[in-house]
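Asks: Dumping the structure here so I can ask a few things about it.
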Amino acid sequence: MLATISSATLVGVDGRPVSVEVHVADGLPGFTIVGLPDASCREARDRVRAALVSSGRTWPVKRITVNLAPGSMPKIGAGLDLPIAIGVLMASGQIPATSDLGAFGELGLDGSVRAVPGALPLADAIPADRVLVPAIDAHVVGLVIGARACPVRALTDVVASLADHCPWPDPPPSPVAPAMPEGPDMADVRGQPAARLALEYAAAGGHHLLLVGPPGAGKTMLARRLPGLLPALDPDQAMEVTRVHSAAGLSLPHGLVWQPPFRAPHHSASMAALVGGGSGSARPGEVSAASNGVLFLDELGEFAPSVLDALRQPLEEGVVRVARAGGTTEQPARVLLVAAMNPCPCGVGGEIGCRCPPHTRARYARRVSGPLLDRIDLMVHVDRPQAGDLLGGAAEPSSAVAERVAMVRSLARERGVRCNAELHGERLEQAAPLEPDARDVLEQALLNGQLSGRGLRRTLCVARTIRDLDDGGPSLRPADVLRAIGFRARVPLGGSDG
Amino acid sequence: MGPRRLRNLLSDRTPIGAVEWVGAGGLPDGVPAPLGAAWRARLHCFDPDAARTQLRESGTKVTWSALPTHPTFLTDDVVPAPVLFRRGRPIDEAAPAVAIVGTRRPSGTGREIARELGLGLAEAGVTVVSGLALGIDGAAHEGALLADAAPPVAFVGGGTDVVYPKRHLGLWDRMVDAGTVAGEAPPAAPPAPWRFPARNRLIAAAADIVVVVESRAAGGSLLTVDEAIRRDRQVMAVPGSLRNPAAAGTNSLLADGCAPVLAVDDVLTALGLSQVERETRRDRVEVPPAPSAAAARVLSACDDGPASIDRLSARSGLAVGEVLAAVSELLVAGAVVDDGARVRRA
């Protein structure tokens, strides 16, 4: 007898529908799974068998064949355990055959149904009228498929409902969306006026930021305060972030993610960990998990140069295209990049007291390639605060800065972009007309070699943000342009040659 | 073969003649027979035609002590250099020459001073001599080339076609184009460590005055100073901060009584070239008036020493944004320089 259950498998951040066909026939007893299952998927045989027996059902002593269609797409993970088990029960006549049933979930040996990564995109991809989902994931899945989701805690729930017509168990109470948690506040930052200004510009316009300074100057402390300046996500962004986090297997205790994510991968991160991918699969990387939020790379100079250069395309386009043998996936990567590094390995940066020989400094500076630096709009040197600053009174709190940031972001939305850093071409020309004096300033900077072509566009975007924060006037004044140039990475790190 | 034996060999022969004479069994006085046999064994592997082609292809000229074109300061030296390989122009012996030497790891200020000295001396028609090493040497050559006046001279440790350090590839080529790169090692000779002290003596021999810009307490440039003292050349030193380890060597030279260099004119005066009065010289050359009021305030804030944007803001009483705009303005005007961390007057 044949039973067919709809399910899905994860490719990148998207679910792809999979049809699970279970055939139970006379013949030599056996259990085979075909249709490109990966290792964890093939192990379903043992889990399904034990779960079925533990739930008080009998394992058919027959020839069981499971086909996962389409056969050309690799199936990843243990999410197909539940549909296979239901298929075996139906095909062996232990529960009545039901058409248009979908399911995903991992089975425990005791018959319990466990959560799997990517519940949200998986549920979205299953076309069935009724989708059985792990109860733990129900509140997330409900966000996209609503009442079609039937939460199940164990295989016995499925049998009770389908064979004995008991009602489906109630979904667990959806978690109360918490108020915005209190993050670290800008009021704790003493002194550092230039870095404070750079953080405000970065948050307001979505401009990438690099903090350079000796150890103990407060680079990491400053960067951690950036998410607190960003406005909450809008519903579309929240859904996108939630999907990616679900696919990446991150916990989603509060359902939708409303806060801009803040991801800080360690500098030992591999290319697959940062931009996504992996052997055979296309798991979202940190740059996707940080989409619509902040990607913080501490100790930028310690990252492998090849890993950093892999960030260039996502930073420019806002998406990562990961190609693997199994296919190509597109994953969101609209991040605000914040990086921090020491000027040289000893941290002093070529000044008096620096212990690094010149070639060590040069090698350290070369680890961050020119093309990557060219994509960084704001570069600020952070000094150790002076005694007077440390003992001074409290500074402006995050909430006051966040108000100005929200105002600038709303101006950007009126121009049709999410933030000023995304202004391009004609839209940029309309949004940022130059006053004649400002044009002269830019011309001089281009002639002096202080700006590249890409640098010019990015400088105009930053200048637009500066004017927006100041008085929101229509055109760019020379002072706005000069400030923007002042924040660009002007010189190679580690000092000049030699 | 050391320089003395080489000089004996070349005193009345051409290099090819010397090769043939030694190959035929000839030996100068005082050379032990086993050493002569070792020389002849090496000569078997020597191909004069290949050597000639190599010289021509690398654009290298050779002079030896018997030739009138060989620099006299090398033949008359206490440790004479009988052979000199050179790329670029012949060395102008008539022009006054000043060596600028120092540490390979200078402070930013030291590098700038070396550059300014190189520029100022070359503009005054002085041949700037140095070693094309990283740090002070390279900065001095950069400055001298910038002047586009008196051609500078570099004495290097390896072959004149072996760029070392690699980072000086561009500078090396410009030195060959607009000046001289010379050394005792034949083309393609690797820059072996033992060649550098010998190279230092060429720098000391070629210069009328040796200026040390920054040297560490036991730096290699102090070896050049020793060679200069041996040859009775005047040594001058640029004073540095007590807290700057790169200036420890130069400061102790000053403590030992060596003449200080406070400006290019001090060196020119020592050479007997400058008539400028000390009083008038100290006046700072005024930068053209800054275009805006904020820029002028930031510029005067820079007078208290290099400072970060934060410090400049505190010193001038202007907001950070205004300081940034002013600094960009001054950078475009060339009134200040910025190393990424600190801003200082140009």
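Asks: Sort out which residues of the stretch A:443-493 are in contact with a strand residue (DSSP E or B) (Cβ under 9 Å, 6 or more places away or on another chain) and more than 10 Å from chain B (Cβ to nearest Cβ), and write them in order of number.
Replies: Listed by number, the residues that qualify are A:Leu460, A:Val462, A:Ala463, A:Arg464, A:Arg467, A:Ser475, A:Leu476.
Asks: More than 10 Å from chain B (Cβ to nearest Cβ), hydroxyl-bearing (Ser, Thr, Tyr) and not in a loop (DSSP other than H, G, I, E, B) - does that describe any residue in the stretch A:327-338?
Replies: Checking the stretch A:327-338: at least one residue is more than 10 Å from chain B (Cβ to nearest Cβ), hydroxyl-bearing (Ser, Thr, Tyr) and not in a loop (DSSP other than H, G, I, E, B).
Asks: Can you find a residue that is more than 18 Å from B:Val210 (Cα to Cα), at pLDDT below 85 and either polar (S, T, N, Q) or out of contact with any strand residue (DSSP E or B) (no Cβ under 7 Å at 6 or more places or on another chain) (or both) anywhere in the stretch B:109-123?
Replies: Within the stretch B:109-123, one or more residues are more than 18 Å from B:Val210 (Cα to Cα), at pLDDT below 85 and either polar (S, T, N, Q) or out of contact with any strand residue (DSSP E or B) (no Cβ under 7 Å at 6 or more places or on another chain) (or both).
Asks: Ok, one more. Among the residues of the stretch B:6-46, write down those that are surrounded by 12 or more Cβ atoms within 10 Å (Cβ to Cβ) and within 16 Å of B:Thr63 (Cβ to Cβ).
Replies: Hits for the stretch B:6-46 are B:Leu6, B:Arg7, B:Leu9, B:Leu10, B:Ser11, B:Arg13, B:Thr14, B:Pro15, B:Gly17, B:Ala18.
Asks: Right, another one. Collect the residues in the stretch A:183-206 that are within 14 Å of another protein chain (Cβ to nearest Cβ), outside any helix (DSSP H, G or I) and surrounded by 22 or more Cβ atoms within 10 Å (Cβ to Cβ), keeping them in residue-number order.
Replies: A:Val189, A:Gln192
Asks: Limited to the stretch A:453-473, what total is found for residues that are charged (D, E, K, R) and at pLDDT 90 or above?
Replies: So the answer is 3.
Asks: Go through (1) in contact with a strand residue (DSSP E or B) (Cβ under 6 Å, 6 or more places away or on another chain); (2) in a helix (DSSP H, G or I); (3) under 22 Å from A:Val244 (Cα atoms); (4) among the β-branched types (Val, Ile, Thr) for A:Val131 and report which single condition fails.
Replies: Single failed check for A:Val131: (2).
Asks: In the stretch B:317-346, what residues are assigned to a helix (DSSP H, G or I) and away from every other protein chain (no Cβ under 12 Å)?
Replies: Residues satisfying the conditions do not exist here.
Asks: So which residues in the stretch B:306-316 are assigned to a helix (DSSP H, G or I), more than 9 Å from chain A (Cβ to nearest Cβ) and among the small types (Gly, Ala, Ser), if there are any at all?
Replies: B:Ser316 - this is the single residue of the stretch B:306-316 that is assigned to a helix (DSSP H, G or I), more than 9 Å from chain A (Cβ to nearest Cβ) and among the small types (Gly, Ala, Ser).
Asks: Here is a further query. Every residue in the stretch A:97-115 that is outside any loop (DSSP other than H, G, I, E, B) and among the acidic types (Asp, Glu), please.
Replies: A:Glu106, the sole residue that qualifies.
Asks: Among the residues in the stretch A:251-273, are any part of a helix (DSSP H, G or I) and over 30 Å from A:Gly327 (Cα atoms)?
Replies: no
Asks: Before we move on, is A:Val307 over 30 Å from A:Phe104 (Cα atoms), buried (at least 21 other Cβ atoms within 10 Å of the Cβ) and among the β-branched types (Val, Ile, Thr)?
Replies: no
Asks: Check A:Arg355 against each of (1) among the charged types (D, E, K, R); (2) without any contact (Cβ under 8 Å) to a residue 40 or more places away in the chain; (3) within 12 Å of chain B (Cβ to nearest Cβ); (4) assigned to a helix (DSSP H, G or I) and name the one condition it does not meet.
Replies: (4)
Asks: If I filter the stretch B:280-298 for residues that are away from every other protein chain (no Cβ under 14 Å), modelled with pLDDT of 85 or more and touching a strand residue (DSSP E or B) at 6+ places or on another chain (Cβ under 7 Å), do I get at least one hit?
Replies: So far as the stretch B:280-298 goes, no, none of its residues is away from every other protein chain (no Cβ under 14 Å), modelled with pLDDT of 85 or more and touching a strand residue (DSSP E or B) at 6+ places or on another chain (Cβ under 7 Å).
Asks: If you don't mind, another one. Among the residues of the stretch A:49-69, how many are under 17 Å from A:Gln94 (Cα atoms), of a type in the set (Gly, Ala, Ser) and touching a strand residue (DSSP E or B) at 6+ places or on another chain (Cβ under 6 Å)?
Replies: 1
Asks: Further question: Surrounded by fewer than 18 Cβ atoms within 10 Å (Cβ to Cβ), within 26 Å of B:Pro80 (Cβ to Cβ) and over 15 Å from the mean Cα position of the chain (by Cα): is that true of B:Ala95 in this structure?
Replies: Spelling it out, B:Ala95 is indeed surrounded by fewer than 18 Cβ atoms within 10 Å (Cβ to Cβ), within 26 Å of B:Pro80 (Cβ to Cβ) and over 15 Å from the mean Cα position of the chain (by Cα).
Asks: Out of all the residues in the stretch A:389-412, is one or more among the polar types (S, T, N, Q), under 30 Å from B:Gly110 (Cα atoms), surrounded by fewer than 19 Cβ atoms within 10 Å (Cβ to Cβ) and within 27 Å of the chain's Cα centre (by Cα)?
Replies: no
Asks: Next question. Among the residues of the stretch A:453-478, what is the count of those that are of a type in the set (S, T, N, Q) and either at positive phi or surrounded by fewer than 16 Cβ atoms within 10 Å (Cβ to Cβ) (or both)?
Replies: 1
Asks: Please state which one of A:Asp14, A:Asp46 is surrounded by fewer than 16 Cβ atoms within 10 Å (Cβ to Cβ) and out of contact with any strand residue (DSSP E or B) (no Cβ under 6 Å at 6 or more places or on another chain).
Replies: A:Asp46
Asks: Still on this model: If I filter the stretch B:142-154 for residues that are buried (at least 24 other Cβ atoms within 10 Å of the Cβ), part of a strand (DSSP E or B) and not aromatic (Phe, Trp, Tyr), do I get at least one hit?
Replies: Scanning the stretch B:142-154 turns up at least one residue that is buried (at least 24 other Cβ atoms within 10 Å of the Cβ), part of a strand (DSSP E or B) and not aromatic (Phe, Trp, Tyr).
Asks: Hey, another quick one. Just checking, does the stretch A:402-409 include any residue being within 14 Å of chain B (Cβ to nearest Cβ) and in contact (Cβ under 8 Å) with a residue 60 or more places away in the chain?
Replies: Yes: the stretch A:402-409 contains one or more residues that are within 14 Å of chain B (Cβ to nearest Cβ) and in contact (Cβ under 8 Å) with a residue 60 or more places away in the chain.
Asks: Is at least one residue of the stretch B:57-78 over 24 Å from the mean Cα position of the chain (by Cα), surrounded by fewer than 17 Cβ atoms within 10 Å (Cβ to Cβ) and part of a helix (DSSP H, G or I)?
Replies: Yes, that holds for at least one residue.
Asks: Is one or more of the residues making up the stretch B:120-129 in a helix (DSSP H, G or I), among the small types (Gly, Ala, Ser) and within 11 Å of chain A (Cβ to nearest Cβ)?
Replies: No; the residues of the stretch B:120-129 include none that is in a helix (DSSP H, G or I), among the small types (Gly, Ala, Ser) and within 11 Å of chain A (Cβ to nearest Cβ).
Asks: If you scan the stretch A:279-301, which residues turn out to be more than 13 Å from A:Arg334 (Cβ to Cβ), touching a Lys or Arg at 6+ places or on another chain (Cβ under 8 Å) and in a loop (DSSP other than H, G, I, E, B)?
Replies: A:Gly280, A:Ser281, A:Ala282
Asks: Given the options A:Leu229, A:Leu233, A:Leu210, A:Leu222, name the one that is over 17 Å from the mean Cα position of the chain (by Cα), aliphatic (A, V, I, L, M) and away from every other protein chain (no Cβ under 14 Å).
Replies: Unique residue meeting the criteria: A:Leu229.
The values are calculated or read from the model by the stated rules, or taken from the named source; none is laboratory data. Source: prediction; values computed, not measured. As a convention, Cβ positions derive from the backbone with ideal geometry for all residues, glycine included, and neighbour counts pool all protein chains shown.
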